[in-house]
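S.K.: Submitted below is the structure of interest, expressed as structure tokens.
The values are calculated or read from the model by the stated rules, or taken from the named source; none is laboratory data. Keep in mind that this is a model prediction, so the values were computed, not measured. Cβ atoms come from the backbone with ideal geometry, glycine included; neighbour counts cover every protein chain shown. SASA here: full protein model, heavy atoms, side chains in, ligands and nucleic acids out. Shrake-Rupley method; radii C 1.70, N 1.55, O 1.52, S 1.80 Å.
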Amino acid sequence: MDSKERAGNWAAAQVADGMAVGLGTGSTASWFVKALARRIREEKLTLTLASSSYSTSQMALELGMRLIPLEHVTRLDVYADGADEFDPQRRLIKGRGAAMVQEKHLVHLSDRFLVLVDPSKRVERLGTNFPVPVEVLPFAVGLVKKELEALGAVVSLRPAGTSKDGPVVSDQGNLVLDARFDAAGDVAGLDPVLNDIPGVVGHGLFTRYADRVTVAVGHDERVEVIG
Ligand code: 5RP
């Protein structure tokens, strides 16, 4: 079993009948969604489920899960999702899948946040391997790019790749700037600073939620649980 699958299965085992559960986005979270769908089917669990992206909603619906819309979510018992990096204080960079705004919304409403990762996601300092993704209102891209550069970042507009000409468009219809900061600086400390830039809808630094975070690191033979 691959380490992401192991972490996803571990998280699905944390869910109890009657819970309200948030479904994250990405390759690791998808193992959680699959394992949870299996438990719902086999154990006849009754759960309230909310999804963090079109991509996860699509998958969940195909697996027979029924979802409530985000605007109906007032509280979750548990939210499970992947991350791009986690540091020793259980602070995160998320958003390679460009779903960080909905993801943060669900984390904010959750009692427990299960962060599902493989060992490559562990860093001493945030910003070591990944840029900080920043979701931006389309008309504000120029302004936000300048502000991020003034904070020392190397900034690029995330391209859609082969599926579309031009930039990635988020589930909310916004654009994504990837801001690569020097990890030797205080990248985690930029969380409130980025929120203050006009035109920023949200970003991938998750530094305020360590109190509710449990990190599950999948290894070849076991899951290491931190927090
Ligand atoms: C999506 C995310 C993902 O959870 C994060 O990028 C990790 O993805 P993966 O499990 O595929 O490595 O934040 O917006």
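S.K.: Is it the case, given these coordinates, that ASP220 is over 14 Å from GLY95 (Cβ atoms) and touching a residue at least 12 places away in the same chain (Cβ under 8 Å)?
M.R.: yes
S.K.: Pick out the one residue from VAL187, VAL201, VAL176 that is open to solvent by 10 Å² or more (accessible area, probe 1.4 Å) and either modelled with pLDDT of 95 or more or over 15 Å from LEU126 (Cα atoms) (or both).
M.R.: Going through VAL187, VAL201, VAL176 in turn, the sole match is VAL201.
S.K.: Among residues belonging to region 140-164 that are more than 9 Å from LEU177 (Cα to Cα) and among the hydrophobic types (A, V, I, L, M, F, W, C), point out the one that is most open to solvent (accessible area, probe 1.4 Å).
M.R.: My answer is VAL154.
S.K.: Consider ALA16 carefully, then state whether it is within 16 Å of the ligand (Cβ to nearest atom) and either touching a Gly at 6+ places or on another chain (Cβ under 6 Å) or not in a helix (DSSP H, G or I) (or both).
M.R.: The answer is no for ALA16.
S.K.: Same structure again: Among GLY18, GLY22, GLY64, which is the only one that is touching a strand residue (DSSP E or B) at 6+ places or on another chain (Cβ under 8 Å) and of a type in the set (Gly, Ala, Ser)?
M.R.: GLY22
S.K.: For residues in region 23-41 being of a type outside the set (Gly, Ala, Ser) and outside any helix (DSSP H, G or I), which is least open to solvent (accessible area, probe 1.4 Å)?
M.R.: LEU23
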